[in-house]
Every structure is written in C-alpha cells, then in structure tokens.
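Here the structure is laid out as structure tokens; the discussion comes afterwards.
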Amino acid sequence: MNDLGLQSLIDALPAWVSGVRFFPETDSTNRRAMLWATEGAAHGSLVVADFQTAGRGRMGRDWVAPPGSGLLVSIVLRPRLEPDLHPLLGLAAGVAVCECLAGMGLEPGLKWPNDVLLAGRKVSGILAEAAPGVVVLGIGVNIGLAVMPAEIASTSIGVEEATGGQVDRLEVLAGLIGHLAPLVDGPPDQVISRYRDWCRTLGRRVRVDLGSGLVEDLAVDVDAGGSLVLAGGAVIRAGDVTQLR
Ligand code: BTN
C-alpha cells in the first residue's frame, strides 16, 4: 500500500484510532504491535497486515491465513482497568466481532473465551497479549477463504462464504473498531453483560483442556472477571473448550 492508500485506510476508520501501521507481509501483527507499544504507541494504535508468516494463535497454536484472505489486525490498548480485569478486553473483542458480523445479517456466537463461530465453524479468533501497562488485542477474521488451508477446511468458515457475496475487509475493520472502542473504554460490567448475550457455551456441557488436565461439566456462567464457571464450582481462567452438547 502506498502513502495515499494508507491515508485512505486511516480516513475510513473511526477517529478513536490514533495511528495505523500497514504491512503487506509481516511475521505477526501482534509481535509488531507489542514492539510499537514498547516504542510508545498510543491507545488505539493499529497494526494491519495482508499476510503473516508466523501468525500466533491461542494456546501456542499458529494462525494460518493465505495472503489477502483475512482481516489481520492488532490493536494497542493502554487500559485503565486493573490487570485482574484485563481478560475482559479479549472478551470485548469477541463481542465487537459478533456485533459487527450481526450488522452484516449474520448470526455469530462465541465459544468461551473468544472464538467467534458461524454455524459451528470458526470465523474469527482473538489473541490478547499483555505487558506492563499494555494489552495487544490480535484479531483474525476469515473473509474470503477460497483456497482453504487443509488443516482448517472442515472447522473454519469465511465471511464471504456466509454472506454469499464479496466483503470489503476495510469495512469489516471499521465496523469492528466502531463496536470495540466504546466497549474497551466503557464500564467492565457492560462487557460481561453483552458477552453473556453472545456466548453459546453457557448451558452446554463442555470439556476443558486446562493444559494440566481435562475437566468435563456443564458451563453455567461467566463471572465478572471473564472466567468460565462450571456447575460443580470450578472457575476456569484459561483453557481450550470443546462444546459437547
Ligand atoms: C486463536 O483463535 O487461536 C487466536 C488467533 C488470533 C490471530 C490473530 S491474526 C492477527 C493477530 N496477529 C497474530 O499473530 N495473531 C492475531
């Protein structure tokens, strides 16, 4: 993208955005955003890429997306929230993606903590990474996965497949930021109440991979700090959920 292209990208985004760095190709927008944060990037700074060679996912996984097929963005936040409540920012990103997709006529839902699903298939993933005084929200949204990587073909979906038409990534980004900004700057209880509305894990039996072992139970709530509460009383702060029925 030339300077003119970058300027029109910036112009199309809500005024909340304080700066944008665009990379045709980079290793990981999250890594770039964290680096920029250490150089002083302000709250609301965005790193956007067309392609990542080392996209990071949750639980040490990779995030794989062919060039130009997805929205790949990392957002630098300088939260006023207590660090204990920082997990809410990742949940806020999930809510913002859902609200943006719902505005396009789709019916998304969240699998705790913040996998966005359409008809049971993953359309977006979120990786929140923290350093002192900074949270980087990394958001990947599958847009046009015409050539779907084999490893994700049966479990993933693109927004274009779901809408049946062409989708402008920049419009999705602008919509997403428009929903995210008031959530991250607003009261934390708003995030949780909106999150509960979108969360399709609640009321389902789940198997949670904690890294240190598995737990299976009914998911009954998400508490004020964003943890998943199971019927037997377990409170899960981090884990990989499979929804059983
Ligand atoms: C997951 O579901 O495992 C989270 C995936 C997060 C992927 C996004 S793509 C933009 C940003 N940069 C990264 O390296 N990861 C996040």
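General observations
- Region 168-245, relative contact order in percent, only Cα pairs under 8 angstrom and at least six apart counted: 24 percent
- In region 17-122, Cα pairs under 8 Å separated by at least six residues give a relative contact order of 21 percent.
- Cβ-derived FRET efficiency at R0 41 Å, Asp223 paired with Ile10, nearest 0.05: 0.60
- The HN-Hα couplings worked out from phi for region 62-77 by the Karplus form 6.51 cos²θ - 1.76 cosθ + 1.60 (θ = phi - 60°) are 8, 10, 10, 8, x, x, x, 8, x, 8, 10, 9, 10, 10, 7, 10 Hz, whole numbers, x standing for Gly and Pro.
- Dimensions of region 33-127 from C-alpha coordinates, computed as largest minus smallest value along each principal axis and given longest first, are 40, 32, 26 Å.
- Amide H within-cut-off set for Gly138, under 5 Å, with H built and near neighbours excluded: Ile75, Leu127, Ala128, Glu129
- Distant-in-sequence amide contacts of Gly158, defined by a placed amide H-H separation under 5 Å and a gap of 5 or more residues or a different chain, comprise Leu145.
- Trp36 contributes an accessible area of around 30 Å² to the protein surface, as traced by a 1.4 Å probe with all chains present.
- Positive dipole terminus of the chain, leading residue within Gly60, Val73, Ile10 (C-beta point charges): Gly60
- Dipole-positive endmost among Pro188, Thr163, Leu210 within region 156-245 (Cβ charges, Cα centre): Leu210
- Max mean-square fluctuation residue, GNM over the chain, Cα-Cα springs under 10 Å, options Leu137, Leu118, Leu210: Leu210
- To the nearest 10, the accessible area of Cys100 is 10 Å² with a 1.4 Å probe.
- Principal axis analysis of the Cα atoms in the chain yields extents of 56, 40, 32 Å, listed in decreasing size.
- Per residue, the average separation of C-alpha pairs within less than 8 Å and at least 6 apart gives the chain a relative contact order of 17 percent.
- Gain in span if fully extended, Arg121 to Leu214, counting 0.36 nm per residue against the direct Cα distance: 31.2 nm
- When shorter helices are ignored and each DSSP H run of at least 4 residues is given -39500 (n - 2.57), the per-residue value for the chain at 222 nm works out to -8500 deg cm²/dmol.
- A cut-off of 5 Å between modelled amide H atoms, ignoring neighbours fewer than 5 places along the same chain, links Phe23 with Val48, Ala49, Asp50.
- For trypsin sites (Lys or Arg not before Pro), the sites in region 38-144 that DSSP calls loop and that have at most 15 other Cβ atoms within 10 Å are Arg61, Arg80.
- Backbone phi angles across region 176-192, fed through the Karplus curve with coefficients 6.51, -1.76 and 1.60 (θ = phi - 60°), yield HN-Hα couplings of 4, 5, x, 7, 6, 4, x, 5, 6, 9, x, x, x, 5, 5, 4, 5 Hz in residue order; Gly and Pro are listed as x.
- Convex hull per residue volume in Å³, alpha carbons only, for region 123-228: 167 Å³
- Taking the centroid of alpha carbons for each part, region 96-115 and region 229-245 are 20 Å apart.
The values are calculated or read from the model by the stated rules, or taken from the named source; none is laboratory data. Since we're looking at a predicted model, the values are computed, not measured. Virtual Cβ from ideal backbone geometry, glycine too; neighbours counted across all protein chains shown. Calculation scope for accessible area: heavy atoms of the full protein, side chains included, ligands and nucleic acids excluded. Shrake-Rupley method; radii C 1.70, N 1.55, O 1.52, S 1.80 Å.
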